[in-house]
1. For a footprinting-style exposure proxy, rank Ser140, Ser295 by other Cβ within 10 Å, fewest first.
2. May I ask you to work out the translational diffusion coefficient for the range 148-299 at 10 °C, viscosity 1.306 mPa s, via Stokes-Einstein with Rh from the Kirkwood sum over Cα pairs, reported in whole µm²/s?
3. Full-extension gain between Ser121 and Asp79, please, as 0.36 nm times their residue separation minus the C-alpha to C-alpha distance.
4. Neighbouring Cβ atoms within 10 Å as the yardstick, rank Met18, Met126 fewest first.
5. Step through the table entries Lys172/Lys326; Lys162/Lys259; Lys89/Lys192; Lys174/Lys264, compare each Cα-Cα distance with 28 Å, and write down the pairs that go over it.
6. Please report the net charge: other residues with Cβ closer than 9 Å to the Cβ of Ile230, K and R +1, D and E -1.
7. As an exercise, use a Förster radius of 56 Å and the Cβ-Cβ distance of Glu154 and Glu68 to find the FRET efficiency, rounded to the nearest 0.05.
8. Order of Thr331, Thr324 from fewest to most other C-beta atoms within 10 Å?
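Coordinate-derived values only; no laboratory data. Not measured: the values here are computed from a predicted model. Cβ coordinates were reconstructed from backbone atoms using ideal geometry, including for glycine residues, and neighbour counts include every protein chain displayed.
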Amino acid sequence: MNLISPVLSSRIETLHSMRARDIAETSNRIATGDRFSSDPSKDSAAYRISKRLEIESKFSNSARQNFENAYTLAQQQSDIVAYAESVIKKMNVLAYEATDPTSSDYHREVLDREFQEHSKSLQSLMFDRTFEQQLLDPQSADYIDTQIIYEDEESSSGANVKRVDISALGAKLKLWWNTTDAFSTRDRIQLKQGDRWFFDSGEYLSNDGSGSRRTENINGQIVHGDYFEIDIQPNQISYTSASDNKGNSNSSLAPGYPKVQAPKGDSTVIKVAVNEPGPENINRSNPSGWSWRLSWDVQQIEGPKGVADEKGSLYELLPLGFSTLKGYDITSRVSAANALERSELELKSLRNQIYTLAKTFSEVRLKSEYMGQKNISQNVALGRINDSDLASEYTNLAKNLLLQNVSNHALIHSRLSAENVINLIS
């Protein structure tokens, strides 16, 4: 016999289960400090606001870290520019000494050797890759270095090589490539920046197989050959070919050409190499007829663009530039005077670069501090919404524990009473 009705027993069990759940939730909120971790329905508006603040806080923190990284890159720029200024000051002093009318030719040659070594140091600075980012660009200088076309060369493999220093890391290159008039003879042309090729025609035949070649009128001059246009930037490349090109590189010896690969941006020298063996090691024993034409439009390179603010807008860290004074010498009084004037102009240019850098420092640091303060404010607001009211939670926990304890005692007492009645009856 059960003196507690089934309905009352079920109600007691239900209340017992509800209190046990409330006790578990209250204990969890006290332990974590988050009043919404278990039951966001208690305050849905505050829950939505807290989640929005949490997301915004993540964006602000990420933006702050981005600007901190940009500040580090700007510091690297500052160190390089400061060192470049000290080197050019030394070159300026050397050029001044070489203008001394009492200096001998031998003394000027000694001074010039040191002058040229300093110029090489400036070139190595220009291609610094400490942070794997392109921070410097020759085209960003106030006074651009001259472009130099060197004499023809012949490589160890017998290939014809032409070097051109375009004084830029980015350019739009226009190539006309014309192989021999013979129907089946193929030749290869490669374009390189430094020692790394970025365009390779493969084994190319620039006619349609019947001797017909592409022709184009360039400023009143008839130019023969298929046309290719290659855009290069450090670690970037794209190319197109003319729709009316006649030839092809369909050679079984070297399939899959023309090919391109992004240059590293570690040199301003463009090399044009004709009939190098290539990776297929194709050597030629007989001379062939070919011609090429190359023109270029230099471009400024893009700076690091991965710096994003909290709205997702990208911030570009602009590259700086300075002259390496290549092409200048101080072996005579006249050339020394020219180098002296040029180095003084470059020192003035560097002061302008330092002003630009100071402006970058100010912008990056201001945005970084703003992001930091905004992130702190968001976290404080988020904490005020999410933090548990411990007094309220402890009171609620004590109430539920007391009620649960009373219910348990009542249930146990009722069962003992029912057992005593049954014993008396029996």
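1. Ser295, Ser140
2. Estimated via Stokes-Einstein, D reaches 101 µm²/s.
3. 13.7 nm
4. Ascending Cβ contact count within 10 Å gives the list Met18, Met126.
5. Correct reply: Lys89/Lys192.
6. That works out to 0.
7. After rounding, the FRET efficiency stands at 0.60.
8. By the 10 Å Cβ count, ascending, the order reads Thr331, Thr324.
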